[in-house]
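To keep things clear, I will list the structure first and then write my remarks on it.
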Amino acid sequence: MRNTQGKTSVLIPDGENLLTLSVINCLAATKRYKIYVMSTLEYTPTRFSRHVHHFSYVSKPKTAEAWMTIIDSEVDTYDIDFIMPVSEPGIRKLIANKHLLKASEKLMLVTDLSTFDTANNKALLSEHLQAFDIPHPKSCLVSNLSELDTVKALHFPIISKPTVGFGGGKHIHIFKDMAAFKTHFKTNSFLGTHIVQEYIEGYDIDCSVLCKAGEVLAYTIQKGVVNNSSDFAPAYAHVFLQKPKLFAVVQKLIQTLGWSGIAHIDLRFDVNTQDFKVIEINPRYWLSLEASLHAGINFPDLHHKLSIGETFTAPECNESTYYSLTGVKLKVKQGKSVLFRWKFLKTDTAIQFFLKDPVPILYKFFALRFGNVNAVHNFDE
């Protein structure tokens, strides 16, 4: 179904999330969508996007049922064709409460709740990887201070992270020995069950996918080339590659999960065993989504097509490099001559999106600069 203007009306119900603007830019690139955003923050960058047809501020619902009712009201009021949550909690809440949503047939293609939770919980994912013999780091769980000695079965250095992530590499730590590991957990908040893994000597590499019933229908493989100051935070620039051995690992993972919808899979190449190991899955859209678009794969657009039963030929990912705005800033610091490479800046960097829709980026910049951190929610809020 389409509205009278010939465009598909899309509602993003968790528009307060950091990832929303990237999804909007991808949808806007096709000129096929009329974009509606619903947000529990009154002032957020997406409110000022020229690509957003209507922005609705709603008080944060106290119950899941109340949120479903608000979404149904937006669908009826604005004749919405398609519901596209972008964040991890937003997607999960809609999966879990789909039965309460009158317009459930308009929800984007998603996996079932049990599979979503297996992917999202690092402990459950580790069990799945072990059961299906999918390459992954040797791991163990630590639920309280009395279990710290269980990591002695692992070889140091080790990495510790909460089983349910906080996004952006938060609360992930590497330890060179047992003394440092114990000291950290005895002097910091425990933050629930942790998965502890052997550190893999090598490099990080990711795979973004769109799937249906365990079949990968579109994907990109990307490696960070300009890294954040934190080893575990997203990179500022990516190079897109073809890695058949990595894709074979991802295919097995998706097939054994029976995954449907989008996902972003973090892997690491092990220089000692010369293989790719699965680290974790982010069952949501990702920060490098615009980079994927640059490489030739418009995941939100394809996700919509797949959800409504349209067939498409899986596009090939272009081997290319893409810089975020911060990546451009760092590149300029290396040499100001890059400022005169206009074709590069306009086609291979996030400047192309800034030029088309500058106000949200400017709002985000000034909001953060002047301490209004509530203007931009993180991944999981």
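The values are calculated or read from the model by the stated rules, or taken from the named source; none is laboratory data. These numbers come from a predicted model, not from an experiment. Using ideal geometry, Cβ is built from the backbone for each residue, glycine included, and neighbour counts are taken over all protein chains shown. When the accessible area is computed, the model is the full protein with side chains, heavy atoms only, and any ligands, DNA or RNA have been set aside. Shrake-Rupley method; radii C 1.70, N 1.55, O 1.52, S 1.80 Å.
A few points about this structure:
- Answer label, with P(r) over Cα pairs in 20 Å bins from 0, in percent calculated from the coordinates and candidates (i) 27, 59, 14, 0; (ii) 25, 50, 22, 3, 0; (iii) 17, 26, 22, 15, 11, 6, 2, 1: (i)
- Nonlocal amide H pairs with E280, under 5 Å, H built at 1.01 Å: D266
- Solvent-accessible area of L124 with every protein chain in place, 1.4 Å probe, in Å² to the nearest 10: 70
- In this structure the amide hydrogen of T111, modeled in the peptide plane, comes within under 5 Å of the amide hydrogens of S260, none closer than 5 places in sequence on its chain.
- Each Lys and Arg contributes +1 and each Asp and Glu -1, all at the Cβ; summed about the Cα centre of the chain, the dipole is approximately 1220 debye.
- Mean-position separation - Cα centroids, the range 235-290 and the range 112-181, in angstrom: 17
- Over all orientations, the range 69-117 has a Cα convex hull whose mean projected area works out to 3.3 square nanometres.
- Choice from L148, L210, L11 showing the highest fluctuation, given a GNM over the chain with Cα pairs closer than 10 Å: L148
- For the chain, built as a Gaussian network whose Cα springs stay under 10 Å, the top-fluctuating residue of W286, W67, W259: W67
- The per residue volume of the convex hull around the alpha-carbon atoms of the range 256-336 is 158 Å³.
- Taken as Cα centroids, the range 2-56 and the range 57-83 sit 14 Å apart, rounded to the nearest whole angstrom.
- The Cβ shell under 13 Å around K152 holds other residues with a net charge of -2, Lys and Arg each +1, Asp and Glu each -1.
- At the residue level, R47 shows approximately 90 square angstrom of accessible surface with a 1.4 angstrom probe and all protein chains present.
- Per-residue HN-Hα couplings for the range 112-117 [Karplus 6.51, -1.76, 1.60; θ = phi - 60°; Hz; x = Gly/Pro]: 7, 5, 4, 5, 4, 5
- Of the beta bridges in the chain, as assigned by DSSP with both residues counted there, near 75 percent are antiparallel.
- Solvent accessible area, Å² - V271, 1.4 Å probe, full protein context: 60
- With θ taken as phi - 60° and the Karplus curve 6.51 cos²θ - 1.76 cosθ + 1.60 applied, the whole-hertz 3J(HN,Hα) list for the range 149-160 is 5, 5, 6, 4, 6, 9, 8, 7, x, 10, 10, 10 Hz, x standing for glycine and proline.
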